[in-house]
Amino acid sequence: MSRERLAALLSEKRSYPPPVHGRTQAWISDGEEYEAICRRALEDPEDFWGARASQLLHWFKRWNRVLVADEARHKYRWFTGARLNASFNCIDRHLISGRRNKAALIWQGEQEMDVRCHTYQMLYTEVCRVAHALSSLRIRKGDHVALYMPMIPELIIAMLACARIGAIHVTIFSGYAEGGVRGRIQDSRARIVITADAALRAGKIKPLKANLDPILEKCPSVAHVVVVSHARLNNVSMKSNRDVWWHDLIDDFTLNSDFPCEPMDANDTLFLLHTSGSTGKPTGIMHSTGGYLTYAAHTTQWCFDVRDDDVYWCTADVGWITGHTYGIYGPLALGATTLMFEGVPAWPKPDRYWSIVEKFRVNILYTAPTVIRSLMRLGEAWTERYDLSSLRILGTVGEPINPEAWQWYHKHIGNGELPIVDTWWQTETGGAMISPMPYATKLKPGSAARPLPGIDAAVMDAADTDGEEGREVGRLVIRGPWPGMMLGVFNDEEKYRSYFSRFGCYESGDGAQVDEDGYFWILGRIDDSINVSGHRLSTVEIEAILTACPEVAEAAVVPMPHSLKGEAIYAFVVPREDAPWSEDLRAKLREAVRRDIGPLASPERIQFTRAMPKTSSGKIIRRLLRKIAAGAEDTGDATSLANPEIIADIVRGRKNLIQGKAEDAPAEKDQKID
Ligand code: WT7
């Protein structure tokens, strides 16, 4: 987070009271009620969470204890001894609650006419069939099932079928390229991968199965591949005894066969979802069945004030945690109608979202600041031709929202009156942690407002970062447990512990500041991650790909501010002596990153330099590189550097690069040219 952004945020003094109209029907109807609930949750958290868990979910067997902590007070187990099943909670119980014929899922395909609707009854039928099919492939409780799929109903059906069996789903974002997919399958040792022939993206066909085949040669754990024929490609290579079409597989199972739900322990893993790690290897975040599902339902209900006849749309890809919690588990546990869209916001035209809102009379829209910024840039004309009056609540997630984008969202989508819930959370937290409640919270554009009831968020080490006088700026931590917190890191206890090692409580890796009203202003990552368009990427992972190229001696990757993506990737590269500092090399490095992680990790800028700024012990000082990448000319005190002269060189190199000149000519030569 740059000082400029901090200053911009804090100069934003406008605030917006919650709407009055409709608040009597709201789950949390005003500030007083919110305060009272916060007090209650603080005084007796176990009573509070126990009550929420009973209200929101169906339990086959009740818990012995709401919360059990280990001695070190960083491993927590929620609802111990309890039994439940996530698929039962998201489907079966709604069949007898009057929602049997309600739309559980409305799917809008990339083509306008391509719409599919699943009622709860239809979802039940499909999920049971797929559970039988997976079971026929010997998938059992505790097995890992990797899902490398586009945004299609089969993805949700597969997840709920896994949950029904007690198998653990491991969703892999379909935009990941070779290394990203391989790393996730290998780490989880998945026995089966479910995929599709291809994804449709902005009018293009993007093969998935063909991408997967070479990867699988290095994934010996995978015994079966199930392929959905989505794009109807007819030249898909299918390996005999390993690959099977989804439609052929389920065809063997009738439409009326129930598949009983496995009664899971509340602390059995529901799913594994990888996030970019600090080591270059993806971190497999494990979420529990009881705690996670309670927290997903709880936050969906309170943050979005979901009502029974709402159409609720979370635009996030199911490959991310947002899609898991707010696209599927939260809304379906509540018996709501969730909308899923396969396409992208600006294809074929930048009105796609608004036409969908009008078409299905969407009531709740939850999206990302990067989407808002990109649509804002294309102008209001695209929004004005649609009737957006069905909208009641707006939300954002994934990265700090700049006040300008907030205002645009509020004015042009929210008609200047709708509440915007800016929800701060992470893959590890399972659900929203700091967020307004739509009818109870005064909004300040750019702030995620206050921690939700029962969430003890705080900012530590105020002196660590440079903030404004009299305000706390530092590291955002959560001091106590909550039901949605991760169960652990798969096969990496040490990594799990590292989240708790500095403060003895959960450390988020974000910087934040709290203002005089107790509002949190999130300042972005302060660890080795970069947040590109709301996607967390690891600098270490990208550096490893760059240094694996034979031409590269050293590489350092830092974030740079970007008007559309929030942050973009800036790579400083020291080529080996005999390597030319050429555009070809730059293209080659970019391609290496795209091929390994995927296009979203492609560096925005690659700057060649003859050396890195280093400490006397030889460590690269990334802090200085961050400043230079952000445009600073004076990086301040350089006395701790072993090679202070390099700074001016790198600053000049950046300027040249931006101006399209060869940035990298050594200083002496540069002067001669001048
Ligand atoms: C990181 C978590 C939560 C699901 C999407 C990303 C950033 C998330 C906000 C917000 C400011 C935010 C943080 C966080 N972030 N929401 N409302 N305001 N920053 O999940 O990949 O686990 O990334 O996203 O930096 O640490 P993730």
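The values are calculated or read from the model by the stated rules, or taken from the named source; none is laboratory data. The model shown is predicted, which means the values in this text are computed figures rather than measured ones. We place every Cβ from the backbone using ideal geometry, glycine too, and count neighbours over all the protein chains shown.
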May I ask you to list the residues in segment 524-541 that are over 10 Å from residue 277 (Cβ atoms) and of a type in the set (Gly, Ala, Ser)? 524, 533, 534
Working only within segment 392-407, note down all residues that are away from the ligand (no atom under 11 Å from the Cβ), assigned to a strand (DSSP E or B) and touching a Gly at 6+ places or on another chain (Cβ under 8 Å). 394
Taking residue 507 as the residue in question, decide whether it is more than 30 Å from residue 576 (Cβ to Cβ) and not aromatic (Phe, Trp, Tyr). yes
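Identify all residues within segment 87-113 that are surrounded by fewer than 18 Cβ atoms within 10 Å (Cβ to Cβ) and of a type in the set (Lys, Arg); write none if there are none.
Going through segment 87-113, the residues surrounded by fewer than 18 Cβ atoms within 10 Å (Cβ to Cβ) turn out to be 93, 95-98, 100-102, 111-113.
Residues satisfying the conditions are 93, 100, 102.
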Tell me yes or no: at least one residue of segment 136-151 is buried (at least 24 other Cβ atoms within 10 Å of the Cβ) and closer than 20 Å to residue 254 by Cα. no
Name every residue in segment 638-655 that is crowded, with 16+ Cβ neighbours inside 10 Å, of a type outside the set (Asp, Glu) and outside any loop (DSSP other than H, G, I, E, B), in order of residue number. 641, 646, 647, 650, 651, 652, 653, 654
Across (1) in contact with a Lys or Arg (Cβ under 8 Å, 6 or more places away or on another chain); (2) part of a strand (DSSP E or B), residue 518 clears everything bar (2)
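Each row is one residue, and each column tells you yes or no for (1) among the aliphatic types (A, V, I, L, M); (2) more than 18 Å from residue 366 (Cα to Cα); (3) assigned to a helix (DSSP H, G or I); (4) modelled with pLDDT under 95.
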| site | (1), (2), (3), (4) |
| --- | --- |
| 410 | no, no, yes, no |
| 469 | no, yes, no, yes |
| 476 | yes, yes, no, no |
| 485 | yes, yes, no, no |
| 503 | no, yes, no, yes |
Please report, ordered by residue number, the strands (runs of 3 or more DSSP E) entirely within segment 177-287 with at least 3 residues that are out of contact with any Asp or Glu (no Cβ under 7 Å at 6 or more places or on another chain) and not polar (S, T, N, Q). 192-196, 198-201, 204-207, 243-245, 269-275
Output the residue which, of all residues in segment 247-280 that are within 16 Å of the ligand (Cβ to nearest atom) and under 19 Å from residue 170 (Cα atoms), is surrounded by the fewest Cβ atoms within 10 Å (Cβ to Cβ). 275
Where residues in segment 61-86 are among the small types (Gly, Ala, Ser) and not in a strand (DSSP E or B), which of them is surrounded by the most Cβ atoms within 10 Å (Cβ to Cβ)? 86
Residues of segment 31-82 that turn out to be under 23 Å from residue 334 (Cα atoms), β-branched (Val, Ile, Thr) and free of Cβ contacts under 8 Å to residues at least 24 places away in the same chain, as a count: 1
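Any chance segment 368-391 includes a residue that's assigned to a helix (DSSP H, G or I), within 16 Å of the ligand (Cβ to nearest atom) and in contact with an Asp or Glu (Cβ under 8 Å, 6 or more places away or on another chain)? Before you say what the answer is, go through the steps one by one.
Within segment 368-391, the subset assigned to a helix (DSSP H, G or I) is 369-377, 381-384.
With the extra rule that they be within 16 Å of the ligand (Cβ to nearest atom), the set shrinks to 369-373.
Remaining after also requiring in contact with an Asp or Glu (Cβ under 8 Å, 6 or more places away or on another chain): 369-370.
Looking for residues that are assigned to a helix (DSSP H, G or I), within 16 Å of the ligand (Cβ to nearest atom) and in contact with an Asp or Glu (Cβ under 8 Å, 6 or more places away or on another chain), one finds at least one in segment 368-391, hence yes.
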Residue check for residue 443: surrounded by fewer than 23 Cβ atoms within 10 Å (Cβ to Cβ) and closer than 20 Å to residue 26 by Cα: yes
Within segment 523-541, track down each residue that is at positive phi and assigned to a strand (DSSP E or B). 524
I'd like the full set of residues that are of a type in the set (A, V, I, L, M) and part of a strand (DSSP E or B), limited to segment 87-123. 103, 104, 105, 106, 115
Do the conditions hold for residue 236, that is, is it touching a helix residue (DSSP H, G or I) at 6+ places or on another chain (Cβ under 8 Å) and free of Cβ contacts under 8 Å to residues at least 40 places away in the same chain? yes
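Hey, among 394, 375, which residue is in contact with a Leu (Cβ under 6 Å, 6 or more places away or on another chain), within 22 Å of residue 566 (Cβ to Cβ) and either buried (at least 22 other Cβ atoms within 10 Å of the Cβ) or in contact (Cβ under 8 Å) with a residue 40 or more places away in the chain (or both)?
Numbers: 375 fails: in contact with a Leu (Cβ under 6 Å, 6 or more places away or on another chain).
So the residue among 394, 375 that is in contact with a Leu (Cβ under 6 Å, 6 or more places away or on another chain), within 22 Å of residue 566 (Cβ to Cβ) and either buried (at least 22 other Cβ atoms within 10 Å of the Cβ) or in contact (Cβ under 8 Å) with a residue 40 or more places away in the chain (or both) is 394.
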Looking at this structure, is residue 298 touching a residue at least 60 places away in the same chain (Cβ under 8 Å) and within 12 Å of the ligand (Cβ to nearest atom)? no
If I ask for residues that are touching a residue at least 40 places away in the same chain (Cβ under 8 Å) and away from the ligand (no atom under 15 Å from the Cβ), which ones from segment 408-435 would you list? 410, 413, 417, 418
Among what's in segment 8-60 and is of a type in the set (Val, Ile, Thr) and closer than 29 Å to residue 291 by Cα, pick the residue that is surrounded by the fewest Cβ atoms within 10 Å (Cβ to Cβ). 37
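Table: residues versus (1) at pLDDT 95 or above; (2) within 28 Å of residue 512 (Cα to Cα); (3) within 27 Å of the chain's Cα centre (by Cα).
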site	(1), (2), (3)
11	no, yes, no
17	yes, yes, no
22	no, no, no
33	yes, yes, no
38	yes, yes, yes
44	yes, yes, no
48	yes, yes, no
64	yes, no, no
83	yes, no, no
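When only residues in segment 524-556 that are more than 15 Å from the ligand (Cβ to nearest atom), of a type outside the set (Asp, Glu) and surrounded by 20 or more Cβ atoms within 10 Å (Cβ to Cβ) count, which is nearest to residue 570 (Cα to Cα)? Walk me through it before giving the result.
Our first condition is that a residue be more than 15 Å from the ligand (Cβ to nearest atom); within segment 524-556, this holds for 540, 542-556.
This time we only want the ones that are of a type outside the set (Asp, Glu), so: 540, 542, 544-550, 552-553, 555-556.
Narrowing further to those that are surrounded by 20 or more Cβ atoms within 10 Å (Cβ to Cβ): 542, 545-546, 552, 555-556.
Details: 542: 10, 545: 14, 546: 12, 552: 16, 555: 10, 556: 8 Å.
Going through the qualifying residues, I end up with 556.
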